[in-house]
Amino acid sequence: MSDILYLKAERCVQVSTSEVRIKDIAKLECTNEVIASKVKEMVVARLDAKKEYKYVVSILKVIEVIHKEFPELEIDNIGEYDFIMEYVSEKQNLLFEYLKVVFVCCIVFIGAAFTIMTFNNDVSIDELFDQFYYLVMKKEASGFTLLELSYSIGLGAGILVFYNHFGGKRLTTDPTPIQVEMRIYEEDVNTALVKNYTREDKRIDVD
């Protein structure tokens, strides 16, 4: 009975070395440990270390590299047929990364505040509170009341519950709505990238 090598590549992988080996982009399983250890060290591609870039790689290219060394080896692919390989340099500018985070936080904070204010203005929340206060108390509101206080507290608490996140902790183990939307967006981008590279014949594939 011949040995079987099980090969699994994820949809998107990151590499930080210009010389990409199979162990950097895929998981392997084989009863023959000698074959598995040799396959892990096989070089699939050599990238340009001067720039960060995304590559689309066909699993056939990986299988081709393995078969050059082990032509009789049976390979069972249980992962992706085409996957994205992103080269990220090990030397990253941390100051630039922190500045980007601060900038995005400021934009999100200002945008959220502006959205809440425009919503309150559209529905005339002040007039609504005044009318509700008059219906209950039978007199005009003198200024800031319990309604405004409850609304402010409820708005903040509702946002925390909805986004399921407070500081570095989660309220539940479920993914946050932002994480769900980001994963959907990431899947759409990866699918489009694979299709574009395939149509333009730019992916790393067999000769």
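Output needed for segment 117-207: three equivalent-ellipsoid semi-axes, defined as square roots of 5 times the C-alpha gyration tensor eigenvalues, in descending order, whole Å. Please report the intermediate quantities before stating the final value.
Numbers: eigenvalues 518, 60, 12 Å².
Computed over segment 117-207, the values are 51, 17, 8 Å.
To the nearest 20 debye, what charge dipole does segment 130-178 have about its Cα centre, counting +1 at the Cβ of each Lys and Arg and -1 at the Cβ of each Asp and Glu?
Value, rounded to 20: 140 debye.
Between the beta carbons of Val13 and Val34, assuming R0 = 30 Å, the FRET efficiency works out to 0.75 to the nearest 0.05. Available extension along the chain between Ile116 and Asn93 is 4.8 nm, counting 0.36 nm per residue and deducting the alpha carbon span. All Cα-Cα separations within the chain were binned at 5 Å from zero, giving a P(r) of 1, 6, 9, 11, 11, 10, 9, 8, 7, 6, 5, 4, 4, 3, 2, 1, 1, 0, 0, each value a whole percent of the pairs. Loop-located trypsin sites (Lys or Arg not before Pro) across segment 92-190 with a Cβ neighbour count of 14 or fewer within 10 Å are Lys138, Lys139, Arg170, with loop assigned by DSSP.
Think of each Lys and Arg Cβ as +1 and each Asp and Glu Cβ as -1; about the Cα centre, that makes the dipole of the chain roughly 460 debye. Taking 0.36 nm per residue of sequence separation and removing the Cα-Cα distance, the Val180/Ala157 pair yields an extension gain of 6.2 nm.
Loop sites only, by DSSP: take the chymotrypsin sites (Phe, Trp or Tyr not before Pro) in the chain that have at most 10 other C-beta atoms within 10 Å and name the longest stretch containing none of them. Kindly include the intermediate steps, with their values, before the conclusion.
Working: sites that count: Tyr81, Phe144.
The longest such stretch corresponds to 1-80.
Asn120 sits among other residues whose Cβ lies under 12 Å from its own Cβ, and their net charge, with Lys and Arg +1 and Asp and Glu -1, is -4. Placing pseudo-labels 7 Å out from each Cα toward the beta carbon at Arg170 and Lys100 gives an inter-label distance of 2.4 nm.
Can you give the longest run of the chain that contains no GluC sites (Glu not before Pro) sitting in a DSSP loop with at most 10 other Cβ atoms inside 10 Å? Please list the in-between numbers first.
On the way: sites that count: Glu41, Glu72, Glu90, Glu140, Glu200.
After excluding every exposed loop site, the longest remaining stretch is 141-199.
What is the angle, in °, between the Cα long axis of helix 59-69 and the longest principal axis of the Cα atoms in the chain? Nearest 10 is fine, range 0 to 90. For 59-69 against the chain, the angle is about 30 degrees.
A short reminder: the numbers here are calculations on the coordinates, not readings from a lab. Not measured: the values here are computed from a predicted model. Quick reminder, even Gly has a Cβ in these numbers, built from the backbone with ideal geometry, and neighbours come from all protein chains shown.
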